[in-house]
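Q: Have a look at the structure that comes next, please.
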Amino acid sequence: MVGALDALPIATAIASPSGGITFANARLREITGLSRRRSTRTGALLAAVHEDDRPRIAQALLHFHRPQPLEVEFRVWCRGAEGEEAEARWQLGRATPGLDAQGGIEYWLCTAVDIHELKSAQEEVVKRRHFVELLGAASPDLLYVYDVETQRNVYCNPASLPILGYTPEEIQEMGSSLLPTIVHPEDWPERRDR
């Protein structure tokens, strides 16, 4: 089994029931820069985890006595090319228990998948959304976004309260009834045709 795991292109480790690493595959050693011998030393792989994420990993290790799969996101310091600094990259770690015939934990199979690009894209979406919300909040004009597919208002700026008398939350709750509610009945048929 160890030979097959060593050939995997995904960072993989085998841990004892208490969480001590007994094997780290070639990919995991390549990422962390640890030798085969050093990778199994107590705390060596934890030292490769970003310092801000170590408590999350320590918390996950507290659950190693339960025979249930675990999943945790964390950053690991990945060794750079020659002369380059290490880079903290996001990983999705999963640990699956290998059980004996009585259902006790014999070992843990642990994997780490690089999700750095995904996390970076998610962070960028959050930043852009925050920027748009700042622009919307600063505008004295009424701004709202209506999703035609889901038939709901997905954004409304604070100008809705002084202009329409409704909070942004009330406007979002109105969904497709927003325009019939705020447009004068005599103007509604004309608006519908546009």
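The values are calculated or read from the model by the stated rules, or taken from the named source; none is laboratory data. No experiment lies behind these values; they were computed from the predicted model shown. Glycine gets a Cβ as well: all are built from the backbone with ideal geometry, and neighbour counts include every protein chain shown. Ligands, DNA and RNA are excluded from the accessible area calculation, which covers all protein heavy atoms including side chains. Shrake-Rupley method; radii C 1.70, N 1.55, O 1.52, S 1.80 Å.
Q: Check whether at least one residue in segment 45-61 is touching a residue at least 12 places away in the same chain (Cβ under 8 Å), in a loop (DSSP other than H, G, I, E, B), open to solvent by 40 Å² or more (accessible area, probe 1.4 Å) and farther than 27 Å from LEU118 by Cα, and report yes or no.
A: No, there is no match, as no residue in segment 45-61 is touching a residue at least 12 places away in the same chain (Cβ under 8 Å), in a loop (DSSP other than H, G, I, E, B), open to solvent by 40 Å² or more (accessible area, probe 1.4 Å) and farther than 27 Å from LEU118 by Cα.
Q: Suppose we filter segment 6-40 for residues that are touching a Leu at 6+ places or on another chain (Cβ under 8 Å), assigned to a helix (DSSP H, G or I) and in contact (Cβ under 8 Å) with a residue 40 or more places away in the chain; how many remain?
A: 2
Q: Can you name the condition, by its number, that GLY175 falls short on among (1) touching a strand residue (DSSP E or B) at 6+ places or on another chain (Cβ under 9 Å); (2) on the phi < 0 side of the Ramachandran plot?
A: Just one mismatch for GLY175, condition (2).
Q: So, one more: Consider GLY165 carefully, then state whether it is surrounded by 10 or more Cβ atoms within 10 Å (Cβ to Cβ) and at pLDDT 85 or above.
A: Values: surrounded by 10 or more Cβ atoms within 10 Å (Cβ to Cβ): no; at pLDDT 85 or above: yes.
Spelling it out, it is not the case that GLY165 is surrounded by 10 or more Cβ atoms within 10 Å (Cβ to Cβ) and at pLDDT 85 or above.
Q: Taking the residues in segment 129-144 that are surrounded by 13 or more Cβ atoms within 10 Å (Cβ to Cβ) and out of contact with any Ser or Thr (no Cβ under 9 Å at 6 or more places or on another chain) as candidates, determine which candidate is farthest from LEU161 (Cα to Cα).
A: Per the stated criteria, the residue is VAL132.
Q: Starting from residues that are touching a strand residue (DSSP E or B) at 6+ places or on another chain (Cβ under 6 Å) and β-branched (Val, Ile, Thr), keep the ones in segment 105-145 and report whichever is farthest from PRO69 (Cα to Cα).
A: VAL145
Q: Taking THR42 as the residue in question, decide whether it is among the β-branched types (Val, Ile, Thr) and at pLDDT below 90. Write out each step before concluding.
A: Numbers: among the β-branched types (Val, Ile, Thr): yes; at pLDDT below 90: yes.
Judged against the criteria, THR42 is a match.
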